[in-house]
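The values are calculated or read from the model by the stated rules, or taken from the named source; none is laboratory data. Fair warning: this is a prediction, and the values are worked out from it, not measured in the lab. Here the Cβ is made from the backbone with ideal geometry for all residues, glycine too, and neighbour counts use every protein chain on show. To get the accessible areas, we keep the full protein, side chains included, count just its heavy atoms, and leave off ligands, DNA and RNA. Shrake-Rupley method; radii C 1.70, N 1.55, O 1.52, S 1.80 Å.
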Amino acid sequence: HRDLHSFPTRRSSDLEKKSCPPTPIAMDYNNLAVALLHAGQPLKARAWLSIAPSNPTTSHNEALVEKALKNWHWPATPQGEYWSWAGSSGWRTVSVTSDGKVWSVDYSGNLAGIHAEVPLDASGAIYQDPDDAGCRISVAFNEDHLTLDQNGSCSSAGGRVDATGTFDRVSVTVPKNP
């Protein structure tokens, strides 16, 4: 062991704190979020920033979004559009509209979708597929997001549906199809 050389060691507290450089894709998400923020769409900006939370630029831009939302008045109803990142396949979406009698909840994601009409209740709903007793989805509405909890396997014309997750509110209105 006499041949081993002794090298001075450093404690981690002695090392400079350096953040990792932003990845190109994370920078793209941040640039899109800033553009949405300037366009007056802080909810969509917040959703895009949620994709790269550990990026150093994201922290700065999240502070800008929070500042824009500081005086935001959340609607009393769940009507609107909600997104949840599905990875490389893009966003899973939920649109909630009302005709005054029922909530129409449309889920789209993973190449499949579900349309449900549920009783008008601003706190939540339960969807039971009339054609598939094994498919039950509960919806919990919050001011800034909704949560879907799926019990059992659900299918649609597009294939198997996995609707479980938290979806961030990105608008208080639902875009019309052209």
Odd one out for Gln79 among (1) surrounded by fewer than 20 Cβ atoms within 10 Å (Cβ to Cβ); (2) within 18 Å of Ser171 (Cβ to Cβ); (3) in contact with a Pro (Cβ under 9 Å, 6 or more places away or on another chain): (3)
Condition met for Ala63 (over 17 Å from Phe141 (Cα atoms), in contact with a helix residue (DSSP H, G or I) (Cβ under 8 Å, 6 or more places away or on another chain) and not aromatic (Phe, Trp, Tyr)): no
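Given the structure, is Ser6 open to solvent by 50 Å² or more (accessible area, probe 1.4 Å), of a type in the set (S, T, N, Q), modelled with pLDDT under 90 and closer than 30 Å to His115 by Cα? First the steps, then the outcome.
On the way: open to solvent by 50 Å² or more (accessible area, probe 1.4 Å): yes; of a type in the set (S, T, N, Q): yes; modelled with pLDDT under 90: yes; closer than 30 Å to His115 by Cα: no.
The answer is no for Ser6.
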Looking only at region 139-178, and only at residues there that are touching a Lys or Arg at 6+ places or on another chain (Cβ under 8 Å) and at positive phi, the one that is modelled with the highest pLDDT: Gly165
Within region 48-81, tally of residues that are closer than 30 Å to Val118 by Cα and in a loop (DSSP other than H, G, I, E, B): 9
Exclusive hit being in a strand (DSSP E or B), open to solvent by 20 Å² or more (accessible area, probe 1.4 Å), free of Cβ contacts under 8 Å to residues at least 24 places away in the same chain and within 15 Å of Thr164 (Cβ to Cβ), set Ile114, Ile126: Ile126
Test for Thr23: is it closer than 30 Å to Gly113 by Cβ, of a type in the set (Val, Ile, Thr) and surrounded by fewer than 18 Cβ atoms within 10 Å (Cβ to Cβ): no
Where Val118 falls short, out of the listed (1) at pLDDT 80 or above; (2) within 20 Å of Thr77 (Cα to Cα): (1)
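Between Pro24, Pro56, Pro42, Pro75, which is modelled with pLDDT of 90 or more and not aliphatic (A, V, I, L, M)?
Working: Pro24 fails: modelled with pLDDT of 90 or more; Pro56 fails: modelled with pLDDT of 90 or more; Pro75 fails: modelled with pLDDT of 90 or more.
Being modelled with pLDDT of 90 or more and not aliphatic (A, V, I, L, M) holds for just one of Pro24, Pro56, Pro42, Pro75, which is Pro42.
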Odd one out for Gly90 among (1) within 15 Å of the chain's Cα centre (by Cα); (2) small (Gly, Ala, Ser); (3) surrounded by 13 or more Cβ atoms within 10 Å (Cβ to Cβ): (3)
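Considering only region 36-46, state which residues are under 18 Å from the mean Cα position of the chain (by Cα) and either part of a helix (DSSP H, G or I) or among the β-branched types (Val, Ile, Thr) (or both). If you could, list the steps in order and put the result at the bottom.
We begin by selecting, within region 36-46, every residue under 18 Å from the mean Cα position of the chain (by Cα); these are 36-37, 41-46.
Answer for region 36-46, where residues must be under 18 Å from the mean Cα position of the chain (by Cα) and either part of a helix (DSSP H, G or I) or among the β-branched types (Val, Ile, Thr) (or both): Leu36, Leu37, Pro42, Leu43, Lys44, Ala45, Arg46.
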Conditions (1) under 13 Å from Thr166 (Cα atoms); (2) buried (at least 16 other Cβ atoms within 10 Å of the Cβ); (3) without any contact (Cβ under 8 Å) to a residue 40 or more places away in the chain; number of the one not met by Trp103: (1)
Test for Ser84: is it within 19 Å of Ala163 (Cα to Cα), among the small types (Gly, Ala, Ser), in a strand (DSSP E or B) and without any contact (Cβ under 8 Å) to a residue 24 or more places away in the chain: no
